[in-house]
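What follows is a short report on a single structure.
We did not get these values from a lab; they are worked out from the coordinates using the rules stated. Keep in mind the model is a prediction, meaning the values are calculated, not measured. We place every Cβ from the backbone using ideal geometry, glycine too, and count neighbours over all the protein chains shown.
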C-alpha cells in the first residue's frame with residue numbers, strides 16, 4: 001500500500017516508539033525476582049504488590065525513554081536491592097520485631113538507603129552527560145526496590161530508606177544542576 | 001555516500017538507537033533514499049519495489065533500538081532491506097508455484113473448462129440424476145427414447161407425445177420439490 005511522504009514519516013515515528021516500548025518490558029522482568037522474594041519474606045503482600053507494580057512500570061518507562069534514564073534502571077535496581085537486603089537481614093536477626101525495636105529498624109532502613117544513595121552517586125559522577133536523567137531514574141527505582149524490603153519495617157522504614165537515598169545523592173544532583 | 005556523510009549518519013543512528021528523539025529526522029532524511037535506491041536496484045516492478053522500500057524503512061525504525069553501537073549502522077540497515085527483498089522474492093516464487101499447480105489441475109479436468117465450471121457441471125449432473133431417480137420406469141424410458149431419438153414403442157405419435165409431456169411434468173415436479181425452482 002503506497003503511503004504519502006507525511007504518512008510514511010508518521011508511521012516510521014510510530015514504529016520507532018512501538019519498537020522501544022515492546023522491548024522496554026524486558027527491563028521490568030529484572031524486578032520480578034525481588035518482588036517474588038518480598039512476597040515470600042515480608043508479611044505485607046499488599047505493600048509488595050503495589051510497590052512491585054509501580055517498580056515494573058517505572059523500569060519499563062525509563063527503559064522506553066532511553067538515554068541516561070535507561071542507564072539509571074539497572075543502577076537503581078542494584079542499589080535498591082542493597083537497600084532492601086539490609087532490613088531483611090535485620091529482620092532475620094530480630095532487630096525489626098516491632099515495639100521498642102521499631103526505631104532501630106527504621107535506623108537500619110535509613111542506613112540501607114544511604115548505602116543505595118552512595119552507590120547511585122558514585123555511578124552518577126562518572127557520567128559525562130545526562131546525569132540529571134540518570135539520577136531521576138535511578139533514585140526512583142532504588143526507592144521502589146528498597147521499599148520491597150523495607151515493608152518489613154513499615155512506612156517509617158520505607159521513608160527512612162528513601163531519605164537515605166536522597167541525602168546521599170543530593171551532592172550529585174546539585175553538581176548535575178550546576179553543570180546544566 | 002562520502003565518508004563524512006556516512007560518519008554523520010552512523011553517529012545519528014547510534015543516538016537514535018539510544019533514545020535521542022532529536023536524531024529521528026536526521027536519520028529519516030538520510031536512510032530513506034538509501035533504502036529506496038537499494039530496493040529499486042533489486043526489485044524489477046515498481047509496485048513491488050514501493051512495498052519493499054516502505055516495509056524495510058518501517059522495520060529499520062522499529063528495530064533501531066536493537067542496534068549494537070559497536071557495529072556499523074549502514075550494513076545493518078541495508079541488511080534489513082535485503083531481507084525484505086528476499087521475502088518478496090519467496091512470496092513471488094510461491095505464487096508462481098501455486099499458479100502452475102492450479103493450471104495443471106485445470107488441464108486434467110477439461111482443456112476448455114475451468115475447475116469451477118467442471119465442479120458446477122458435476123453438481124448439476126448429480127442433481128438431475130437425483131430428480132430422475134424419483135420417476136417411474138415407464139417415465140424414464142419415455143424420456144430416454146425422446147432424448148436419444150431411439151425406436152419408439154408401437155403406439156401413435158400423439159400418445160407418445162402425451163406420455164412424454166406427463167413424464168417431463170413429473171420430472172419438473174420432482175426438481176421443484178428438491179431445489180425449489182424450475
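As a length-normalised measure over Cα pairs under 8 Å and 6 or more apart, the relative contact order of the stretch A:25-158 settles at 36 percent.
Against chain A, whose longest principal axis is taken from its Cα atoms, helix A:45-65 shows a tilt of about 30°.
For the pair residue B:71 and residue B:136, the difference between a 0.36 nm per residue extended length and the Cα-Cα distance amounts to 14.7 nm. Each Cα pair under 8 Å and six or more residues apart adds its separation to the average, and for chain B the resulting relative contact order is 15 percent. Stretched out straight at 0.36 nm per residue, the stretch from residue A:93 to residue A:5 would grow longer than its current Cα-Cα span by 25.1 nm. Annotation: for a label point projected 7 angstrom from Cα along Cα→Cβ of residue A:29, residues of the stretch A:73-88 with backbone N closer than 19 Å are A:73-75, A:77-78. Note down the nm distance, to one decimal, between modelled labels 7 Å out along Cα→Cβ at residue B:176 and at residue A:103. Those two pseudo-labels are separated by 10.6 nm. For chain A, the convex hull spanned by the alpha carbon atoms encloses 117 Å³ per residue.
Per residue of A:19-30, count partner chain C-beta atoms within 10 Å of its C-beta, then hand back the mean as an integer. The partial results should precede the final answer.
Details: counts 9, 7, 1, 3, 3, 1, 0, 0, 0, 0, 0, 0.
Whole-number average of other-chain Cβ neighbours for A:19-30 is 2.
Seen against the Cα atoms of chain A and their longest principal axis, helix A:67-92 is set at about 20 degrees. Each peptide in A:76-84, A:39-47, A:7-15 was scored by the mean count of other Cβ atoms within 10 Å over its residues; highest first, the order is A:76-84, A:7-15, A:39-47.
At a Förster distance of 45 Å, what's the computed FRET efficiency of residue B:83 paired with residue B:22, Cβ-Cβ distance as r, to 0.05? Numbers along the way, then the final one.
Numbers: r = 28 Å, r/R0 = 0.63.
After rounding, the FRET efficiency stands at 0.95.
Residue separation of residue B:37 and residue B:164 scaled by 0.36 nm, minus their Cα-Cα distance, works out to 38.2 nm of gained length. The long axis of helix B:137-148 is offset from the longest Cα principal axis of chain B by roughly 70 degrees.
Of B:57, A:163, how do they rank once you tally other Cβ atoms within 10 Å and put the fewest first? Walk me through the numbers before you get to the answer.
Details: B:57 27, A:163 17.
Sorted ascending by nearby Cβ count, the order is A:163, B:57.
With both labels modelled 7 Å from their Cα along Cα-to-Cβ, the residue B:150 to residue A:53 distance reads 8.5 nm.
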